[in-house]
1. Give Tyr557, Tyr547 a once-over and let me know the one that is open to solvent by less than 50 Å² (accessible area, probe 1.4 Å), among the hydroxyl-bearing types (Ser, Thr, Tyr) and farther than 20 Å from Leu149 by Cβ.
2. In segment 35-51, is there at least one residue being part of a loop (DSSP other than H, G, I, E, B) and under 22 Å from Lys206 (Cβ atoms)?
3. Suppose we filter Arg305, Arg287 for residues that are at pLDDT 95 or above, outside any strand (DSSP E or B) and not hydrophobic (A, V, I, L, M, F, W, C); which single one remains?
4. Taking strands (runs of 3 or more DSSP E) that fall entirely within segment 119-208, which contain at least 3 residues that are loosely packed, with under 15 Cβ neighbours inside 10 Å and either touching a Phe, Trp or Tyr at 6+ places or on another chain (Cβ under 8 Å) or free of Cβ contacts under 8 Å to residues at least 60 places away in the same chain (or both)?
5. Looking at Thr80, is it over 12 Å from Val111 (Cα atoms), of a type in the set (S, T, N, Q), loosely packed, with under 13 Cβ neighbours inside 10 Å and touching a Pro at 6+ places or on another chain (Cβ under 8 Å)?
6. Exactly one of (1) surrounded by 10 or more Cβ atoms within 10 Å (Cβ to Cβ); (2) at pLDDT 50 or above; (3) farther than 19 Å from Phe613 by Cα is unmet by Asp34. Its number?
7. So how many residues does segment 449-478 have that are exposed (fewer than 15 other Cβ atoms within 10 Å of the Cβ) and outside any helix (DSSP H, G or I)?
8. Assess whether Asn92 counts as being in contact with a Phe, Trp or Tyr (Cβ under 9 Å, 6 or more places away or on another chain) and modelled with pLDDT of 95 or more.
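The values are calculated or read from the model by the stated rules, or taken from the named source; none is laboratory data. The structure displayed is predicted, hence computed values, not measured ones. Methodologically, a virtual Cβ is constructed for each residue, glycine included, from the backbone with ideal geometry; neighbour enumeration extends over all protein chains shown. All accessible areas refer to the heavy atoms of the entire protein, side chains included, with ligands and DNA or RNA removed. Shrake-Rupley method; radii C 1.70, N 1.55, O 1.52, S 1.80 Å.
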Amino acid sequence: MKKILTSALVAGMLLSVGATSVLAMGGASGARTDYIVVNKLGEVVVNPFRIAPLTAIIKDGGYVLKDVTVTIVPKEGGQTISYQVLDSRLKNYGGIPVFGLYPDYQNTVKVSYTKLFKGEQIKEEAEYKIYAPAVFVDPDGTYLQKGGLFSSVDVKKVEKGFEDRLYFFNNLGNKSTKSAKAVWNNPTGGALEWNQTPLVFILDTKGEVRWYLLPVKDLYDIDSAYKAGIMMGFKQNADGAMSWGFGQRYVKYDILGREIFDRKLPASYSDMSHSIDDADNGNFYIRAAGFNVKRPDGKNVHTVRDIIVEVDANGNVLDDWRLFEILDPYRDTVLKVLDQGAVCLNIDASQAGKTMSADDLAALDTNDKFGDIVGSGAGRNWAHVNSVDYDPEDDSIIISSRHQDAIIKIGRDKKVKWILGSHEGWSDRYKKYFLQPVDSKGNKISCGETGSKCPGYENEKGGFDFTWTQHTAFKIDEKSKGDIIYVSAFDNGDTRGMEQPALAEMKYSRSVVYKIDQKKMTVEQIWEFGKERGHSIYSPVTSLTEYQADKNSVVSYFATSGLNIDVVSGLLLSNPSPTIFEHKWGSTEPSVEIQLHDSMGYQAFPFSVNKAFGTK
């Protein structure tokens, strides 16, 4: 009797709320579509893959679409983003991908397309109102954080022809108490503790955020040893998608956040950071370290930033370059003059201006103190490779070794081809690989008795100089031919002349382009920028210089300019105010100058929205 009464009661309740609600729950009559559909296609999904909140998909509504164009109507005085979408790319999303929404704003999005239905091709245009949420950044709890991605933007200059630029920024949060809770213990060493929240975003030339990465736990988990690390090495691949790495992973996603792959490093390697280069054949060159390496003294260690590993498109290891075997891990010339207050992103303001002596380094090598510390030999930060660039012309790699003050080319046979850097401190084994500095007429340039003090070191108006604690050594493929190649680099400037200056304010950074004759083994400096600005844009760590073929220009990111350290207390007083510049090829005056405030920069470069959707 009780069961009969209960059944009758439930039936009555369902009838009382109405048939519509019953159908919404599904059942014999089928589920009901109760989301809002506007215009002549399907529903709108914002942040469809959870990691890119300023994107959306306008679903196709069951139609086959082609000839799609998307336009994000700008705010008053803002920058229009408009792009076409390759027909086949629409299948990835089940509709029209929308990129470049303004945060915390109801955007107007215009689309035009052709839809195929019942044998007809129907051309239509539609307008959508899409709200995108405000930018969210996980707070780090430090006094250095004054804003989310940054506190403000100062657009100082954008010349005609550059107004359509979108710049991709790979910046970093401050090290917080949430991070750096794990270290390698078996064997010891490595850089597992390198772990800071990513601040990755795209700005337009008006200084507006038009995309950012939300590092949700499916992708990134600051508490997990295998899903944390500093996100670095972002690159827009030939197919328009983004590849990068962090800690024990390397990944590839498209700009809407659709996963292409997300992989752990192969088991013999650890601690990816700084750089991952994609080759035309689909292979990747990853700057990693050795997971378990036997040193000549019999000790097993995790190495630090000194292995390049090549993997194919499926993640299989093809080759590696073990730099502690190819180069001399005990060349300590640079290590003895490094400013210990800024060893890349291991910034210890209390050590600003201090250096290590030969005795300090020798004592270090007698103990078992291994890890991400300056020191000689495998297991310590002796090389600090911060970029790798594959050169298919001779099947070799070009690396930037910050702690050797050298840009080095190494062949598939693991033999050095040339060394661009100071000649000081190298053993006789490497002297035949030195590039000889020359002027525009081919005359030799002397860099003094030590080989470290070139004319550009003393002459503010020009002359040749090597790079010092440099970042991003990239071959400029479009300008290079045969044995004559062009290489761009960011010369950070610490250890310039193989010394520390009398005053910190004497330091400067610069972007530089070299012309190398690989047959004659000569190098000519053909362009530089930054020396004339002096200490005002000095960037002790990180940064980038890269050629851009689409505008025949050079982009420079002075990523840590304005880093403010109290020399008395040793405390960081504020985050940097990084500046991005873009120069027409050969020009001494920038066409673009945009400065961020209160943000720790790593790298930045132009982003192509048309390339992202397959149309260029």
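1. From the options Tyr557, Tyr547, the qualifying one is Tyr547.
2. No, that holds for no residue.
3. From the options Arg305, Arg287, the qualifying one is Arg305.
4. Correct list: 120-132.
5. Yes; evaluated as a whole, the condition is true for this residue.
6. Looking at each condition in turn, Asp34 falls short on (1).
7. Number of matching residues: 7.
8. Criteria not met by Asn92.
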